[in-house]
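Quick note: the coordinates plus some simple rules give every number you see, no bench work behind them. Since the model is a prediction, treat every value here as computed from it, not as a measurement. Cβ placement follows ideal geometry from the backbone for every residue including glycine, while neighbour counts extend to all protein chains displayed.
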Amino acid sequence: AQSVSQHNHHVILSEAASLELGCNYSYGGTVNLFWYVQYPGQHLQLLLKYFSGDPLVKGIKGFEAEFIKSKFSFNLRKPSVQWSDTAEYFCAVTQKGGFKTIFGAGTRLFVKA
Amino acid sequence: GAVVSQHPSWVICKSGTSVKIECRSLDFQATTMFWYRQFPKQSLMLMATSNEGSKATYEQGVEKDKFLINHASLTLSTLTVTSAHPEDSSFYICSARDAGVSGKTSVISADTQYFGPGTRLTVL
């Protein structure tokens, strides 16, 4: 069965620190990969997505993610976080051409000002 | 960008009553919509996939007679929680997948889900 694993449930960083959130998935076929963000009191928003091509994907607000096929990973990174990045981040996987999206458990990021 | 709305944003009801939640894609057509449930401090759990003009596909463990889904048009899906109980209290989120039928949407956009703001249901 497909699954998505996010390594950290809670992360606390100071402003300007670098961020890396781990995401691994288990699925043998071709997949589309997503990172979503949910700010406090708001709905899910798409940060970035990978469908094909360059495995280093750049998203909004300075976030990027790298797809490493051999490791089944799609880690999210940001060189310098801001207080406004405090949110919950979800990694998600969809089978290419399929409909069902599997979400990871989420990582709550708290950035100290 | 694509916008998905949900109505109501929150609802409080008595145990035993039914509650209907609407999910609308505002500027695109969606042949497929998804209904998720999110418990506090947990991830989204897919409840069902709603297909326009056909029966919804429910995930294992989700009672289809309790959570009625109707997807009557390309822009509207409804979830009705029948005979609600306190354990049904949760945050219900819908998402819509761009059908790409307008001719204005790229293939890439058609494989992306757009999420609604969610509906918080509290059953007393």
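For this structure, a couple of remarks:
- The orientation-averaged projection of the convex hull spanning the C-alpha atoms of chain B amounts to 7.4 square nanometres.
- With θ taken as phi - 60° and the Karplus curve 6.51 cos²θ - 1.76 cosθ + 1.60 applied, the whole-hertz 3J(HN,Hα) list for the stretch B:76-86 is 9, 10, 10, 10, 10, 8, 8, 6, 5, 10, x Hz, x standing for glycine and proline.
- A:S18 paired with B:K66, simple spin-label distance in nm, labels 7 Å along Cα-to-beta-carbon: 4.7 nm
- Rounded, prolate or oblate (a/c below 1.5 giving rounded, otherwise prolate when a/b exceeds b/c) for the stretch A:5-47 by Cα gyration tensor: oblate
- For the stretch A:63-100 versus the stretch B:1-75, the gap between their alpha-carbon centres in whole angstrom: 25 Å
- Size of the protein assembly as shown from its Cα atoms: along the principal axes, largest to smallest, the extents are 49, 41, 33 Å.
- Per-residue Cβ neighbour counts within 10 Å put B:Y36, B:Y58 in the sequence B:Y58, B:Y36, beginning with the fewest.
- For the protein assembly as shown, size of Cβ-based charge dipole, Lys and Arg +1, Asp and Glu -1, in debye: 60 debye
- For chain A, taking Cα atoms only, Rg and Dmax work out to 13.4, 42 Å respectively.
- Karplus (6.51, -1.76, 1.60) ³J(HN,Hα), θ = phi - 60°, over the stretch B:49-56, in Hz, Gly and Pro reported as x: 10, 9, 10, 4, x, 9, 6, 6
- Working value for the stretch B:4-57: equivalent-ellipsoid semi-axes of 21, 15, 13 Å, each the square root of 5 times a Cα gyration tensor eigenvalue, largest first.
- Charged side chains reduced to their Cβ positions (Lys and Arg at +1, Asp and Glu at -1) give chain A a dipole of some 200 debye around its Cα centre.
- Of all the options B:E52, B:E87, B:E22, the one that moves most in a Gaussian network model of chain B with Cα springs shorter than 10 angstrom is B:E87.
- Where only DSSP H runs of four or more residues are counted, chain B gives -500 deg cm²/dmol as its mean residue ellipticity at 222 nm, each run worth -39500 (n - 2.57).
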